[in-house]
Amino acid sequence: MNCPLCESDSTPFHTNRLRSYFRCRNCLSIFLDPEFWLEKEEEKLRYMEHNNDVNDIRYQNFLKPIVDKVFTNQTPSDTGLDYGAGPGPVIQHLLKQIGYQIQLYDPFFHNHPENLKQTYDYIILTEVVEHFHSPKEEFQKLNHLLKPGGSLYILTHPYDDSIDFESWYYKNDRTHTFFYTKEAFAWILNQYGFKNLEIHNRIIILKK
């Protein structure tokens, strides 16, 4: 089984009564055996179970740190895209409150292909990249969508060997199919010619 990010060899990593996982020998990412991917309709139903109410204060507080990063690094005149916005576009709601405008794209809930035909100063992906079935293709697409000097703002939970995978909550969502490491983000940095990588706990920023 080749890694769906860097295409290197992988080895079996973990099996339980529900699913099986592999680990890349190169970028050290962990990925779900495709045999256990959900069908598209099942996947959409699972996303609809999430509490994505734009007025939910707890959800707003969860996403506020990444909004703060955008506020610090971008200007209101910059063009932005919320890629994988989900059924409740809270990021757009929060940014609008501080004078920022951002376009939406989501293959299930905001399927606006015209928004993938322009380029952006920044792209936000909150709890999105772990759902990618083909992360190499997705990051190639994201790179093309970014203007020179643009930034990706990613919110996910990277894996490292201090984590007990068996009890790790993040793997239990059946739509989570790919878990990144610092090495994986370094591979993305080099593969697509990004100039800078910042990892702030769960927030990852890649600058083109």
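The values are calculated or read from the model by the stated rules, or taken from the named source; none is laboratory data. Remember, predicted model here, so these are calculated numbers, not experimental data. Counting neighbours? That spans all protein chains shown, and the Cβs are built from the backbone with ideal geometry, glycine included.
General remarks:
- Of all the numbered requirements in (1) in the same structural domain as Lys171 (by TED's automatic domain parsing); (2) within 19 Å of His176 (Cα to Cα); (3) among the small types (Gly, Ala, Ser), Ser20 misses one, and that requirement is (1).
Every residue, every condition in (1) farther than 21 Å from Leu63 by Cβ; (2) of a type outside the set (Lys, Arg); (3) out of contact with any His (no Cβ under 6 Å at 6 or more places or on another chain), yes or no:
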{"residue": "Asp161", "(1), (2), (3)": "yes, yes, yes"}
{"residue": "Lys171", "(1), (2), (3)": "yes, no, yes"}
{"residue": "His176", "(1), (2), (3)": "no, yes, yes"}
{"residue": "Tyr180", "(1), (2), (3)": "no, yes, yes"}
{"residue": "Glu183", "(1), (2), (3)": "yes, yes, yes"}
{"residue": "Ala186", "(1), (2), (3)": "yes, yes, yes"}
{"residue": "Gln191", "(1), (2), (3)": "yes, yes, yes"}
{"residue": "Ile199", "(1), (2), (3)": "no, yes, yes"}
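- Residue check, Phe108 in contact (Cβ under 8 Å) with a residue 24 or more places away in the chain and over 25 Å from His200 (Cα atoms): yes
- Qualifying residue in the range 100-110 (condition: modelled with pLDDT under 95, on the phi > 0 side of the Ramachandran plot and surrounded by 14 or more Cβ atoms within 10 Å (Cβ to Cβ)): no
- Subset of the range 111-143 (residues that are surrounded by fewer than 19 Cβ atoms within 10 Å (Cβ to Cβ), under 29 Å from Ala186 (Cα atoms) and polar (S, T, N, Q)): Asn115, Gln118, Thr119, Ser134, Gln140, Asn143
- Beta carbons closer than 9 Å, at least 6 apart along the sequence or on distinct chains, never pair a first residue in the range 144-164 that is aromatic (Phe, Trp, Tyr) with a second that is surrounded by fewer than 21 Cβ atoms within 10 Å (Cβ to Cβ) and at pLDDT below 95.
- Scanning the range 53-79 for residues that are crowded, with 16+ Cβ neighbours inside 10 Å and polar (S, T, N, Q) yields Gln60, Gln74, Thr79.
- Positions within the range 130-156 being assigned to a strand (DSSP E or B) and either β-branched (Val, Ile, Thr) or on the phi < 0 side of the Ramachandran plot (or both), in sequence order: Leu146, Lys147, Pro148, Gly150, Ser151, Leu152, Tyr153, Ile154, Leu155
- In the range 61-106, residue nearest to Lys117 (Cα to Cα) [restricted to those that are assigned to a loop (DSSP other than H, G, I, E, B) and among the polar types (S, T, N, Q)]: Thr79
- Test: residue in the range 166-186 that is outside the structural domain of Ser8 (by TED's automatic domain parsing), in contact with a helix residue (DSSP H, G or I) (Cβ under 6 Å, 6 or more places away or on another chain) and closer than 26 Å to Phe71 by Cα: no
- Filter pass, Gln103 being touching a helix residue (DSSP H, G or I) at 6+ places or on another chain (Cβ under 6 Å), of a type in the set (S, T, N, Q) and touching a residue at least 12 places away in the same chain (Cβ under 8 Å): yes
- Considering Asn172, Asn190, Asn201, Asn196, the condition of being exposed (fewer than 14 other Cβ atoms within 10 Å of the Cβ) and touching a strand residue (DSSP E or B) at 6+ places or on another chain (Cβ under 9 Å) is satisfied by Asn196 alone.
- Those residues of the range 165-208 which are within 21 Å of Thr119 (Cα to Cα), touching a residue at least 60 places away in the same chain (Cβ under 8 Å) and among the basic types (Lys, Arg), in sequence order: Lys208
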